[in-house]
Each structure stands twice: as structure tokens, then as C-alpha cells.
Amino acid sequence: MNVWSPQPLINSVYETLLKLSKNGTVPVEESDLIAELKRRGEDVSRRDLAKILMTLEILGYISTQTSKEELLISVKKGKE
């Protein structure tokens, strides 16, 4: 794992969301997002991920909702 990432973590999270959601057509579970980020070498805590997701939601790139115990993340269309 590299200490320095070539791009900001918020960009990595958003690109991963686009990939997992098939460009905004399918909601993504938080656990799937964390697993994919770890697979890509990005070690992010739930706390840091929550801050990033909140920023993306405020900027209008995603929307979130809770389903039972899991957080569902949807990429808004037209923001890709």
C-alpha cells in the first residue's frame, strides 16, 4: 500500500461508486463500497468514509438512505 495516493480519496470513492453502481443505475451498499476500496488498496475507516459521503451528498453527486442495518448509496444521474 502506498503512503501517498495519486488522487484525493474523495475522487477514489466517487469513481468506485460509479463503477459499482454501473454509472448510477444500481444502489451500492456501504459494505460493498468499503470492500472494493480495500481491494483497490485504499484503507478507509467508516468514519472517514462517512465524511466523504456527506461531502458528496452536499455537493449533489450522491444520495443516501438506510435500509435495515445498511446504508444504500445512489449516484445521481447527470453528475457522472
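Read-outs: derived from the displayed coordinates by stated rules, not from any lab. Computed from a predicted structure; not experimentally measured. No Cβ is skipped: glycine too gets one built from the backbone with ideal geometry, and neighbour counts run over all protein chains shown.
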Next item on the list: Subtract the Cα-Cα distance of Asp48 and Val26 from 0.36 nm times their separation in residues, and report this length gain in nm to one decimal.
Entry: 5.6 nm
Margin query: Running a GNM on the chain with Cα contacts under 10 Å, which residue among Thr66, Thr25, Thr16 ends up with the highest mean-square fluctuation?
Written below: Thr66
Note to self: How much length would be gained if the chain were fully extended between Gln7 and Ser67, taking 0.36 nm per residue of separation minus their Cα-Cα distance, in nm to one decimal?
What the structure shows: 18.5 nm
Check: Here are some values of Rg and Dmax of the Cα atoms in Å: (i) 13.9, 43; (ii) 13.4, 48; (iii) 11.9, 36. Which one was computed from this structure?
Finding: (iii)
Next item on the list: Express the relative contact order of the chain as a whole percentage, based on alpha carbon pairs under 8 Å and six or more residues apart in sequence.
Entry: 35
Item checked: Label-point gap, in nm, between Ala35 and Lys76 - each point 7 angstrom along Cα→Cβ -> 2.9
